[in-house]
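Below is one structure, written out as C-alpha cells; comments come after it.
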Amino acid sequence: MISSFDHRTLGQRVLFGSGSARANIADASAGASRVMVVSSERDARLAAVLTADSAVVRRWTEVAQHVPTELADRARDAAAADDIDLIVSVGGGSATGLAKAIAMTTRVPILAVPTTYAGSEATNVWGLTADSRKTTGVDDGVLPSTVVYDAELFLRLPRALSIASGLNAVAHGIDALWAPGADPLNATLASEAIRLLAAGLRTISADPASLAGREQTLMGAYLAAVSFTSAGSGLHHKICHVLGGAYGLAHAQTHAVLLPHVTAFNASAAPGAGARIAEALDSRTAVRGLEDLYTELDAPRSLRDIGFNESDIPEAARLIIPTVPASNPRRVDTAAIETILRAAWAGTPIREYEQE
C-alpha cells in the first residue's frame with residue numbers, strides 16, 4: 001500500500017541530442033535579443049561556437065566554485081547594465097551556479113548547457129559563499145527554463161573528472177531517497193538514475209570515448225537531479241555544502257568521497273532505501289554495491305587527497321550539525337559526523353554502521 005504524499009515537479013524544457021547543441025541553443029534562444037553567455041575561460045571558445053547563432057551582447061568568463069558573493073554581485077551588475085533578457089550558461093556547476101545567482105535578482109531566464117554531470121541545471125537550488133560559509137536556498141526563479149544536453153560535449157571531459165562528476169550525480173539520487181521531501185515518485189526516479197549512472201560510468205571508465213556511455217550517464221544525471229530537486233537536500237549534501245564553502249574543497253570530488261560513508265551510516269536505519277540502492281547497483285547491499293562500484297571505477301576515496309586537513313574535522317562537525325535535516329533516518333550528533341569525516345579523510349574502506 002502506498003501512503004499519501006505531496007509531490008512537486010518543476011516545469012522545464014529539455015532538449016537532448018548528441019551533436020545537436022548549437023542548433024538546439026539557436027532554437028531555444030530565438031526569442032531573446034540581448035543574451036549574456038556565462039562560461040569559464042577554459043570553456044570560452046566552446047561557448048562562442050555553440051552560441052554563434054544567438055544574439056549575444058555580453059560574454060562573461062569569470063566563474064568560481066561555490067559562487068563567491070562578490071563575484072555574483074559583479075556579474076549581476078553587468079547583466080543589469082546590458083539589459084540582458086536571457087542567460088546562456090555553458091559549462092559545469094560553477095557556470096550554472098553563477099547564472100543562477102544572476103537570475104535570482106534579475107529574474108532573467110536561463111538556458112543551461114552543461115558539460116559535466118553536476119545536475120545543477122535541473123534544480124531550483126542556488127548557492128552563494130561569503131566569509132568561507134556557503135548558504136544554499138530554493139527559488140523557482142533560478143531553475144533554468146531550458147536545458148540543452150549534448151553527450152558529444154562530454155567526450156572532452158577527462159576520465160577522472162567524469163567519474164567524480166558522475167558520482168556527484170549518484171549522490172543526488174541516493175540523497176533523494178531520505179531527504180525531507182522523499183516520496184514514491186522521487187524514489188522511482190532516483191532508483192533508475194542510480195542504475196543508469198552506475199552502468200554509464202562503468203562504460204566511461206573502460207572507454208572514455210564511448211558516446212553511448214556518455215549518453216547513459218547524462219540521462220541518469222538528469223533523472224537524479226529531478227528527484228533531488230523535488231526531495232530536497234539530505235545529510236550528504238548538507239555535509240558537502242559545509243565542507244565546500246568553509247574549506248574550498250573541489251565540489252565533485254568532495255561528493256564522491258563522502259557519498260559511500262554517509263550512505264553506509266543511513267542505510268541500516270532506512271532498509272527500504274538501502275534495498276533500492278542495492279537493487280540499482282545489482283548488489284546484495286547498498287554498501288557492498290557502492291564499494292564494488294568505487295573499486296571498479298578507481299574513484300576518489302580520501303578527503304586528505306583533495307586538501308582537507310584532519311585538524312579541521314572537529315570544527316567541520318560543529319558547523320555541519322545545525323544543518324542536519326530533521327528527516328534523516330537516524331539520529332546524528334557531533335560524534336557521528338566526526339566518525340564519518342575521519343573515515344572519509346583517511347580513505348578507509350566503506351563499512352556498515354550499527355544502528356542505535
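Selection of region 135-151 for residues being surrounded by fewer than 23 Cβ atoms within 10 Å (Cβ to Cβ) and part of a strand (DSSP E or B) yields 135, 136, 137, 138, 146.
Here 313, 350, 320 are screened, and the one residue that is at pLDDT below 95 and surrounded by 15 or more Cβ atoms within 10 Å (Cβ to Cβ) is 350. Note on region 169-275: enclosed helices (runs of 4 or more DSSP H) holding 2 or more residues that are of a type in the set (Lys, Arg) are 184-206.
Listed by first and then second residue, the pairs with beta-carbon distance under 6 Å, at least 6 apart or on different chains, first residue in region 3-20 and under 13 Å from residue 185 (Cα atoms) and outside the structural domain of residue 218 (by TED's automatic domain parsing), second of a type in the set (Ser, Thr, Tyr) and surrounded by 14 or more Cβ atoms within 10 Å (Cβ to Cβ), are 8/230. Take the residues in region 152-209 that are surrounded by fewer than 24 Cβ atoms within 10 Å (Cβ to Cβ) and among the charged types (D, E, K, R), then tell me which one is nearest to residue 253 (Cα to Cα). If we take residues in region 152-209 being surrounded by fewer than 24 Cβ atoms within 10 Å (Cβ to Cβ) and among the charged types (D, E, K, R), then 159 is nearest to residue 253 (Cα to Cα).
Would you say residue 218 is under 17 Å from the mean Cα position of the chain (by Cα) and either surrounded by 18 or more Cβ atoms within 10 Å (Cβ to Cβ) or aromatic (Phe, Trp, Tyr) (or both)? Let's see the steps before the verdict.
Working: under 17 Å from the mean Cα position of the chain (by Cα): yes; either surrounded by 18 or more Cβ atoms within 10 Å (Cβ to Cβ) or aromatic (Phe, Trp, Tyr) (or both): yes.
Criteria met by residue 218.
Selection over region 128-152 of residues that are in contact with a strand residue (DSSP E or B) (Cβ under 7 Å, 6 or more places away or on another chain) and either of a type in the set (Asp, Glu) or closer than 15 Å to residue 92 by Cα (or both) gives a count of 5. Of all the numbered requirements in (1) out of contact with any His (no Cβ under 8 Å at 6 or more places or on another chain); (2) part of a loop (DSSP other than H, G, I, E, B); (3) of a type outside the set (Val, Ile, Thr); (4) farther than 20 Å from residue 214 by Cβ, residue 104 misses one, and that requirement is (2). Report whether or not residue 314 is outside any loop (DSSP other than H, G, I, E, B) and not aromatic (Phe, Trp, Tyr). Yes, satisfied.
Scanning region 137-156 for residues that are farther than 30 Å from residue 204 by Cα and out of contact with any Leu (no Cβ under 8 Å at 6 or more places or on another chain) yields 137, 138, 139, 141, 142.
Specify the residue that is nearest to residue 12 (Cα to Cα); the eligible residues are those in region 71-92 that are in contact with a strand residue (DSSP E or B) (Cβ under 8 Å, 6 or more places away or on another chain) and of a type in the set (Gly, Ala, Ser). Walk me through how you get there before you give the answer.
The first filter runs over region 71-92 and keeps only residues in contact with a strand residue (DSSP E or B) (Cβ under 8 Å, 6 or more places away or on another chain), leaving 72, 75, 78-79, 82, 84-92.
Okay, now just the ones that are also of a type in the set (Gly, Ala, Ser), so 72, 75, 78-79, 89, 91-92.
Values: 72: 24, 75: 24, 78: 26, 79: 23, 89: 15, 91: 19, 92: 19 Å.
By that ranking, first place goes to 89.
When you scan region 27-46, do you find a residue that is polar (S, T, N, Q) and within 14 Å of residue 146 (Cβ to Cβ), even just one?
yes
Suppose the filter is in a helix (DSSP H, G or I), out of contact with any Cys (no Cβ under 7 Å at 6 or more places or on another chain) and acidic (Asp, Glu); does residue 282 pass it? No; evaluated as a whole, the condition is false for this residue. Contact annotation: residue pairs with Cβ atoms under 9 Å, 6 or more positions apart or on different chains, pairing a residue in region 279-296 that is acidic (Asp, Glu) with a partner that is modelled with pLDDT under 95 and in a loop (DSSP other than H, G, I, E, B), are 291/349; 291/350. Confirm whether residue 155 is assigned to a helix (DSSP H, G or I), modelled with pLDDT of 95 or more and within 13 Å of the chain's Cα centre (by Cα). It is false that residue 155 is assigned to a helix (DSSP H, G or I), modelled with pLDDT of 95 or more and within 13 Å of the chain's Cα centre (by Cα).
So is residue 194 in contact with a Lys or Arg (Cβ under 7 Å, 6 or more places away or on another chain) and in the same structural domain as residue 294 (by TED's automatic domain parsing) or not?
Values: in contact with a Lys or Arg (Cβ under 7 Å, 6 or more places away or on another chain): no; in the same structural domain as residue 294 (by TED's automatic domain parsing): yes.
Spelling it out, it is not the case that residue 194 is in contact with a Lys or Arg (Cβ under 7 Å, 6 or more places away or on another chain) and in the same structural domain as residue 294 (by TED's automatic domain parsing).
Filter region 158-168 for residues that are part of a helix (DSSP H, G or I) and more than 17 Å from the chain's Cα centre (by Cα) and give the result. Please lay out each step first, then the result.
Initial filter on region 158-168 (part of a helix (DSSP H, G or I)): 159-168.
Scanning region 158-168 gives a single hit, 159.
The values are calculated or read from the model by the stated rules, or taken from the named source; none is laboratory data. Keep in mind the model is a prediction, meaning the values are calculated, not measured. Quick reminder, even Gly has a Cβ in these numbers, built from the backbone with ideal geometry, and neighbours come from all protein chains shown.
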